[in-house]
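Peer 1: Take a look at this one; I'll ask things after.
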Amino acid sequence: MTELLRVARVDKTFAAPPRFGDGLLRLIGRAPRRAALRAVSDVSLDMTRGEALGLVGESGCGKSTLGRVIAGVHPQSAGRVLLDGAPVTDAAGMKTTTRVQMVFQDPFASLDPRMRVGDGLAEGPLAHGLTTRAGARDYVGAWLDAVNLPREAAGRYPHQFSGGQRQRIAIARALAMQPDLIVCDEPVASLDVSIQAQIINLFLDLRRRLGLTMIFISHDLSVVRHVCDRIAIMYLGRIVELGPGAEIFAQPRHPYTRALIDSAPRLALDDATAVFRPIEGELPSPLNPPSGCAFHQRCPRAQARCRGERPEMRTIEAGREVACHDPL
Amino acid sequence: MNETGLSRFWADFAQNRVAVVALAVVALVMATALAAPLIAPQNPYDLATLQLSDARRPPGHVSALTGLHYWLGTDAQGRDLLSAILYGLRISVMIGAAAGAIAFALGATLGAFAAYVGGRTEALLMRVIDLQLSFPAILLALVLAAVLGQGKAQLVTALVTAQYAYFARTAHGAAKAERNKEYVEAALSTPLPAWRVVFRHILPNAMPPLIVVATVQIANAIALEATLSFLGLGLPVSEPSLGMLIANGFQYMLSGRYWISIYPGVALIVLIVAINIVGDQIRDQLNPRLQR
């Protein structure tokens, strides 16, 4: 197994947009201090070739931002994202590699409505010399085959397809760049449940056939469990638990992971009395993160130490890391 | 826009009879203006064919010298007004369309570029454009036409300078909305070069409001050109456009020779109103909130 992706101490902050008059205030020595939003804090992780990693957490925990940083859509504010040892973005923050591609959540928004499917699929490969004008039709056709769409789809517009078909097109667009890594940002969250299964099966199938390395971002534990080898649980911009999916589901070590698993509604046909335990409280604002462990306000096991000192990620057994002073 | 979209668009357009008539008028005026040298009874720019003795003849007069039937009368130089109007429309339409097209290309590119890059560049560009929009277009065009002098190229330059800001403003707003959509993010994550993202993805999607502005601004360009010519800042006297024809007849208005000013004026009004009706209809159709 060779290492493909290395994410080292990555931060992503979004500065508050300047407001009218800021310059004037600065001029008179009263520069406004506005908190920057720290969406991703000090995240490190490695991936080996062929692996599927699930990135799980509540809305607003920074998982999509981390995915976009890894895919080079947003440059990181600090730290490094290396693909086979080479940075994904250049010094100016522009993406330089085609080897990591992205599939977005909403297939109704991620395809240009005014471009024929075939043109949209051929655009990137043509721009990067992966195919020629003469060969584009066959090239696009081959990738439409790969996602089980008819080749005639190339001549039509995105609005003529259903949500599931559109997501197949978006997947084909990412694959047509022949990436080493694809980052899928909630690729099934906006699809009907019946379609979700098809798309997930497509991912499993593609992974087997093409040996894809994938990052699968989702808030849906059951989806991630189905697709991924390893899972990273994120809370307020940080990874709090990382390890093999089966082990994490069998025995979560971070109280937040435990709470997430317990709160996930699932079909309990044989047990009509099943009760789901929602997590107490809400995700704190990343503009004003709590002291110490970010989860301490909602944690049933919180101690005095959790309020004052932030737990670092540490390896508690082979392949399993957790950021908690008192893991389960 | 694809075939089905276009045919549906036309079906919706055809629902409005007035707009269809207006579109027909625009098409007719454009066609006759472009074909003016072929259909006009006289070449009004060829001074040798003009009969000074036929000056200021009323509509319907038949020239004693050439036998020419002056349907709409003649002006002070003995020009057949019908011919002069056709040739004048030709100039007005060509200058209006050229200025509109150049202002469109320039403004749309600038606005979309500003929306794409964002930050300081965007703020600076858009404030300059806002500043320019705070001056009346006619004032700007007037000053520029006076500074640049007479001639078609100079006139087009003045009109473009006065009008590109409207396109830039509109393109900026529309492109800003498109900029944050996922398909742009997808294009950037491929990655595709910035010019490609702007011209192939953002601008085509920002087109609907720009098309509306374009129809209105072409009508405005024609009106603006007529105004400048009326004030004597447009084209040389030897090639009168509609504005100059109106100006030339102005002094005879009160002496009963209404036709020299009125007929070119009517032609101008009909063209501008027709373009505006077509523009309004397109705007209504492209506005999702007004869709039935």
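Peer 1: Got a sec? Which helices (runs of 4 or more DSSP H) wholly within the stretch A:182-266 have at least 1 residues that are open to solvent by 10 Å² or more (accessible area, probe 1.4 Å) and closer than 17 Å to A:Arg166 by Cα?
Peer 2: A:193-210
Peer 1: What is the one condition in (1) part of a loop (DSSP other than H, G, I, E, B); (2) at the interface with chain B (Cβ under 10 Å from one of its Cβ atoms); (3) in contact with a Phe, Trp or Tyr (Cβ under 9 Å, 6 or more places away or on another chain); (4) open to solvent by less than 30 Å² (accessible area, probe 1.4 Å) that A:Met177 does not satisfy?
Peer 2: In the conditions (1) part of a loop (DSSP other than H, G, I, E, B); (2) at the interface with chain B (Cβ under 10 Å from one of its Cβ atoms); (3) in contact with a Phe, Trp or Tyr (Cβ under 9 Å, 6 or more places away or on another chain); (4) open to solvent by less than 30 Å² (accessible area, probe 1.4 Å), A:Met177 misses (3) alone.
Peer 1: Select from the stretch A:81-98 the residues that are under 17 Å from the mean Cα position of the chain (by Cα) and more than 20 Å from B:Ala194 (Cβ to Cβ) and write down the one among them that is most open to solvent (accessible area, probe 1.4 Å).
Peer 2: Ranking the qualifying residues of the stretch A:81-98, first place goes to A:Leu82.
Peer 1: Suppose the filter is surrounded by fewer than 24 Cβ atoms within 10 Å (Cβ to Cβ), out of contact with any Asp or Glu (no Cβ under 6 Å at 6 or more places or on another chain) and assigned to a helix (DSSP H, G or I); does A:Gly129 pass it?
Peer 2: No: the conditions fail for A:Gly129.
Peer 1: Among the residues of the stretch B:151-202 satisfying the criterion of being surrounded by fewer than 17 Cβ atoms within 10 Å (Cβ to Cβ) and assigned to a loop (DSSP other than H, G, I, E, B), which is nearest to the chain's Cα centre (by Cα)?
Peer 2: B:Gly151
Peer 1: Test of understanding: among B:Pro209, B:Pro240, which residue is of a type outside the set (A, V, I, L, M), more than 10 Å from chain A (Cβ to nearest Cβ) and surrounded by 22 or more Cβ atoms within 10 Å (Cβ to Cβ)?
Peer 2: Step by step, each of B:Pro209, B:Pro240 is checked, and only B:Pro240 is of a type outside the set (A, V, I, L, M), more than 10 Å from chain A (Cβ to nearest Cβ) and surrounded by 22 or more Cβ atoms within 10 Å (Cβ to Cβ).
Peer 1: Another question, then. Among the candidates A:Ala91, A:Ala109, single out the residue that is small (Gly, Ala, Ser), within 20 Å of B:Pro191 (Cβ to Cβ) and within 12 Å of another protein chain (Cβ to nearest Cβ).
Peer 2: A:Ala109
Peer 1: Turning to a different aspect of this structure: Looking only at the stretch A:52-60, decide whether some residue is within 26 Å of A:Arg208 (Cα to Cα), among the hydrophobic types (A, V, I, L, M, F, W, C) and facing chain B (nearest Cβ under 8 Å).
Peer 2: No, the conditions are met nowhere in the stretch A:52-60.
Peer 1: Among the residues of the stretch A:277-293, write down those that are out of contact with any strand residue (DSSP E or B) (no Cβ under 6 Å at 6 or more places or on another chain) and open to solvent by less than 80 Å² (accessible area, probe 1.4 Å).
Peer 2: A:Ile279, A:Gly281, A:Leu283, A:Pro284, A:Ser285, A:Pro289, A:Pro290, A:Ser291, A:Gly292, A:Cys293
Peer 1: Would you mind finding the one in B:Ala174, B:Ala158, B:Ala187, B:Ala146 that is more than 14 Å from chain A (Cβ to nearest Cβ) and modelled with pLDDT of 90 or more?
Peer 2: Exactly one of B:Ala174, B:Ala158, B:Ala187, B:Ala146 is more than 14 Å from chain A (Cβ to nearest Cβ) and modelled with pLDDT of 90 or more, namely B:Ala158.
Peer 1: What about A:Arg168, is it buried (at least 19 other Cβ atoms within 10 Å of the Cβ), more than 13 Å from chain B (Cβ to nearest Cβ) and among the basic types (Lys, Arg)?
Peer 2: In short, yes.
Peer 1: Across the stretch B:212-229, which residue is nearest to the other protein chains (Cβ to nearest Cβ) among those that are of a type outside the set (Gly, Ala, Ser) and surrounded by 22 or more Cβ atoms within 10 Å (Cβ to Cβ)?
Peer 2: Checked the stretch B:212-229; the qualifying residue nearest to the other protein chains (Cβ to nearest Cβ) is B:Val213.
Peer 1: Still on this structure: All but one of (1) buried (at least 23 other Cβ atoms within 10 Å of the Cβ); (2) under 23 Å from B:Ile91 (Cα atoms); (3) not charged (D, E, K, R) hold for B:Ile269, so report the exception by its number.
Peer 2: Failing condition for B:Ile269: (1).
Peer 1: Return the total of residues in the stretch A:141-174 being out of contact with any Gly (no Cβ under 7 Å at 6 or more places or on another chain), part of a helix (DSSP H, G or I) and not charged (D, E, K, R).
Peer 2: 18
The values are calculated or read from the model by the stated rules, or taken from the named source; none is laboratory data. As the structure is a computational prediction, the values presented were derived from the model and not from experiment. Methodologically, a virtual Cβ is constructed for each residue, glycine included, from the backbone with ideal geometry; neighbour enumeration extends over all protein chains shown. SASA here: full protein model, heavy atoms, side chains in, ligands and nucleic acids out. Shrake-Rupley method; radii C 1.70, N 1.55, O 1.52, S 1.80 Å.
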